[in-house]
Structure formats: C-alpha cells, structure tokens
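Have a look at this one before I ask anything.
The values are calculated or read from the model by the stated rules, or taken from the named source; none is laboratory data. Just so it is clear, the structure is predicted and the values come from calculations on it, not from any experiment. Here the Cβ positions follow ideal geometry from the backbone for every residue, glycine too, while neighbour counts run over all protein chains shown.
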Amino acid sequence: MTLPGSPFLARRDGSLQLDGVDLQALAQRFGTPLYVYSQAAMLDALASYQRALAGRRHLVCYAMKANSNLAVLQTFAQAGCGFDIVSGGELARVLAAGGRADRVVFSGVGKTRAEMLQALQVGVRCFNVESESELRRLSAVAREAGAVAAVSLRVNPDVDAGTHPYISTGLRENKFGIAHERAREVYRLAASLPGLKVVGIDCHIGSQITQTAPYLDALDRLLDLVEALEAEGIAIAHIDIGGGLGITYPDETPPRPGELVAQVLARMDARGHGQRELLLEPGRSLVGNAGVLLTEVLYLKPGPAKNFCIVDAAMNDLVRPALYEAWMAIEPLQQRATAAQRWDVVGPVCESGDWLGRERDLALAEGDFLAVLSAGAYGMTMASNYNTRPRAAEVMVVAGDAVLVREREPLVQLFGTERRLPTPSA
C-alpha cells in the first residue's frame, strides 16, 4: 500500500518502509527522534523540474533553508543544482558539500558586510538585493574589495499566493523585496552605482503555493518591468521566479513541478522572452515528501476531555505544527489489530503548544514507533535545543542502504561553549 505524499513511502506486510527500507529497524538501530530521508525521492522530484526545462537556458537553485544537511546539498550539487542561500553560514555549507559558488544566488533582507565580502571572495553568481540601502552597501563593499557584484533586484509584485501569513512573501505589507511601483527607479540606481552589474530580476511570492495562477501573475509583472527597463538601456539577462511550490500534506493538490514550469515557459514564449535564462528556487517541493520523523510512544495518557499520546519527539524537533498549526500525517511503523482511539500526539517539552498532531485515530501501545510524514522540509533546519534537548540524528537512504548523515548531538555539546562565572575570591 502506497501512502499519500510520496510514492517512495509504502506499507508492506503491515510495516512502514521508505524507499524499501524498514523504518522500524532504523528506529531501533539509530534511536529516536530520528529524521530519515530518501535520496531517490529527492532526485525524482528534481527530475520533474529538469525534464520540463530540457533544452532551455536555466538553473535550478535549491532553496537550502528547507533542509541544509550536507548530504542533501551534496546530492543536489552532484545532480547539477545551484543553490539559493540566505546567510553566510549557508554559503559555507554549500562549499563544504562540494557545491559551486558560481551557481549560488544570495537572497535575504539582512546581508551583513562580512557576508557580502565572503560571497564576493568566493565568487557567487548573483546577489538578490532587497532594498536601496543594501544596494549602496554592496556597492561600497565591492569597491573596497576591488570586485564587481552581479545583482538582481528582488521585486515585490504584490501578488497574493494564497498561503499562510507567516510564509507569504509577495504582498506589499511583507518585509521582502522592492515595491513593484519603485522597481524602475531602484534599477536606475543599481545601474549607476560603482562595483555593481545588473544581471537579472527576481521575485519570490511565498511558500506552500498550490496553484499556478499566482506565479503567472507575478511573472507577467516581472516581464512588464523587463520590457520597460530594457527600453531604458538596462539589460536583464535572467528572470528568477523564486520557489515556493507546495506539496501534499493532508489533501492539497498542488501542480507537479513540470506542470508549473511548462506554463511559465509558455507564458515567456508568448511574450517574446523565450531566449532568457530562467532561474527557479524550489525547496519544499524537492525535499518535503522525501523525509519522515520517527518517534517512540513513551506514555499513553487517557483523560476526561482528551487522550494524550506522549512521544519522545517534540516542538524543538519539529516546530511546524506549533508555529503554523501545520497538519502532518502520522502513521504507526507497525500496524496493530486492535481498535483505534483518538489521540493528541504531543511531546515532552514544557509548553502546551508542544504537539505534533491533534485528534488522530491511531491503534497504539507504549513502546510503539510512529512516523510523522512529509517532514523533509523545515524540520531539522528549524530544530532547536529548547529544554536543553539534543537535536535528532539524521539518516539518508541511498540505494537501499541507510547512511547516518548527522549524529545525534551529545548533551555536553549543548553547553560546551558556555562559561560559568568566576568563583568569588575569599
């Protein structure tokens, strides 16, 4: 039986498997909480983009904030991906994983001088600039370094992506990008500043988008600007439409990546822009349904109003439910023949917001293992050490083998950089 979300996740003889590997065995071998990813599922998702883009000038830049494990980055680098980064730390990760700096686009609203210099020194492909102040600072840093920074302005097209307010980025009230109505003026500034070279135009309208219409609306607004800018003599070599394509959690039906790309290319062709290089920045759609979070049932606590299933994974391991009230499927690793009961699946963190799933019908016993599905994106990357809890281990299934790609944090590491106050002298 194949489960919703990923064709690589299936139940065979009652046991849940990811890419043919028994998850119960991994939970027992590596302990829990445990993130498990399928490399094949990631590459399958990427292939959907690559097939649709075949024969066109393009670069797929993985938005690594979704999942920045070195093995994940290595997988995409070896498959020809570039990377969309938002910090100097992410740039260092890309290079450590074997990624190429000249395939990196540097996004984010708050780049520091040190991060700009770091990116210039290694030769990133492009800075996606989000304000006039950032333009001026980047110009100064580039001049001081004797370098030229390739820039693309991130334009805020004021398009509603129809997603959660916390992950909406393309409306005029969001902090991201330069207002569409001011973009031409800011491009003129960019073209006039020393140390900068205008190379493209960029937008990113949100995350977990489940329709193509917002992308096409944003693309039309970008193409309007490209045509106006080139009439003024400001050349635009590439168009970057960002990422944000959604995945299926409970019942969403987002378009396949190939469907989205086909419609974007058709719109560009229809408007006479088929020769331009297209950049995309997918994140969740490449890794979201490629991962699961495994957790052990510690205690079953029936109550007069609710039944609580207390597990060893918590909001510090997976914050999406607490932060966004995100719904994520939860499945037992081994099916039981007993009748299901309704449970709230909660963690041990000392917060009422520490829950992974509410009102779930599950047949359980203490000591069972559960899988939180579709946990490959914004899981481990958003994890914390709240309540002084070590972050989970991570495993990747590669060609049928389970490879440990992050060790579980030892407790001493959590406070290893802290220092006690000096002992008062007598």
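Could you check segment 197-223 and list, in sequence order, the residues that are in a helix (DSSP H, G or I) and either touching a residue at least 40 places away in the same chain (Cβ under 8 Å) or not assigned by TED's automatic domain parsing to the domain that holds Met268 (or both)?
Pro214, Tyr215, Leu216, Asp217, Ala218, Leu219, Asp220, Arg221, Leu222, Leu223 - these are the residues of segment 197-223 that are in a helix (DSSP H, G or I) and either touching a residue at least 40 places away in the same chain (Cβ under 8 Å) or not assigned by TED's automatic domain parsing to the domain that holds Met268 (or both).
Take the residues in segment 8-37 that are basic (Lys, Arg) and under 23 Å from Thr248 (Cα atoms), then tell me which one is surrounded by the most Cβ atoms within 10 Å (Cβ to Cβ).
The first filter runs over segment 8-37 and keeps only residues basic (Lys, Arg), leaving 11-12, 29.
Now narrow it down to the ones that are under 23 Å from Thr248 (Cα atoms): 11-12.
Working: Arg11: 16, Arg12: 10.
Of everything passing the filter in segment 8-37, Arg11 is surrounded by the most Cβ atoms within 10 Å (Cβ to Cβ).
Return the residues of segment 199-255 that are within 17 Å of His58 (Cβ to Cβ) and either out of contact with any Lys or Arg (no Cβ under 8 Å at 6 or more places or on another chain) or of a type in the set (Val, Ile, Thr) (or both); say none if nothing qualifies.
Val199, Gly200, Ile201, Tyr215, Leu222, Val226, Ile236, Ile239, Asp240, Ile241, Gly242
Please determine whether any residue of segment 378-393 is in contact (Cβ under 8 Å) with a residue 24 or more places away in the chain, charged (D, E, K, R), under 28 Å from Met64 (Cβ atoms) and crowded, with 20+ Cβ neighbours inside 10 Å.
yes
Here's something else I'd like to know. Look through segment 190-216, keep the residues that are polar (S, T, N, Q) and crowded, with 23+ Cβ neighbours inside 10 Å, and return whichever of them is nearest to Arg137 (Cα to Cα).
Narrowing segment 190-216 to residues polar (S, T, N, Q): 192, 207-208, 210-212.
Subsequent filtering for residues that are crowded, with 23+ Cβ neighbours inside 10 Å retains 207-208.
On the way: Ser207: 29, Gln208: 32 Å.
The qualifying residue nearest to Arg137 (Cα to Cα) is Ser207.
Something else: Name the strands (runs of 3 or more DSSP E) wholly within segment 261-339 that hold at least 1 residues that are farther than 26 Å from Leu223 by Cα and free of Cβ contacts under 8 Å to residues at least 40 places away in the same chain?
Of the strands (runs of 3 or more DSSP E) lying wholly inside segment 261-339, those with at least 1 residues that are farther than 26 Å from Leu223 by Cα and free of Cβ contacts under 8 Å to residues at least 40 places away in the same chain span 291-301, 308-311.
Mind listing just one residue for me: the one in segment 217-233 that is among the hydrophobic types (A, V, I, L, M, F, W, C) and surrounded by 17 or more Cβ atoms within 10 Å (Cβ to Cβ) and, of those, modelled with the lowest pLDDT?
Applying the filter and picking the extreme gives Ala218.
Which numbered condition trips up Val105, out of (1) in contact with a helix residue (DSSP H, G or I) (Cβ under 6 Å, 6 or more places away or on another chain); (2) in a strand (DSSP E or B); (3) of a type in the set (Val, Ile, Thr)?
For Val105, the failing item is (1).
Give me the pairs: first residue in segment 94-116 and in the same structural domain as Gly242 (by TED's automatic domain parsing) and over 15 Å from Asp202 (Cα atoms), second residue assigned to a loop (DSSP other than H, G, I, E, B) and hydroxyl-bearing (Ser, Thr, Tyr), beta-carbon distance under 7 Å, and six or more apart or on different chains, which are they?
Close Cβ pairs (under 7 Å, with a partner that is assigned to a loop (DSSP other than H, G, I, E, B) and hydroxyl-bearing (Ser, Thr, Tyr)) amount to Glu115/Ser87.
Evaluate the following for Ala340: is it modelled with pLDDT of 95 or more and within 19 Å of Gly291 (Cα to Cα)?
no
Run down Glu359, Glu331, Glu281 and say which single residue is out of contact with any helix residue (DSSP H, G or I) (no Cβ under 7 Å at 6 or more places or on another chain) and closer than 30 Å to Ala54 by Cα.
Values: Glu359 fails: closer than 30 Å to Ala54 by Cα; Glu331 fails: closer than 30 Å to Ala54 by Cα.
Just one listed residue meets the conditions, Glu281.
Let me ask something else. When you look at Gly244, is it modelled with pLDDT under 95 and crowded, with 23+ Cβ neighbours inside 10 Å, yes or no?
Judged against the criteria, Gly244 is a match.
Against the condition in the same structural domain as Glu366 (by TED's automatic domain parsing) and in contact with a strand residue (DSSP E or B) (Cβ under 9 Å, 6 or more places away or on another chain), how does Val261 come out, does it pass?
Values: in the same structural domain as Glu366 (by TED's automatic domain parsing): no; in contact with a strand residue (DSSP E or B) (Cβ under 9 Å, 6 or more places away or on another chain): yes.
So Val261 does not fit the description; no.
Taking Leu73 as the residue in question, decide whether it is in contact with a Phe, Trp or Tyr (Cβ under 9 Å, 6 or more places away or on another chain) and closer than 22 Å to Phe176 by Cα.
In short, no.
Against the conditions (1) of a type in the set (D, E, K, R); (2) crowded, with 23+ Cβ neighbours inside 10 Å; (3) closer than 20 Å to Arg57 by Cα, where does Arg125 fall short? Just the number, please.
(2)
While we're looking at this one, here's another question. Can you tell me which residues in segment 187-227 are among the small types (Gly, Ala, Ser) and closer than 15 Å to Leu280 by Cα?
Gly200, Gly206, Ser207, Ala218
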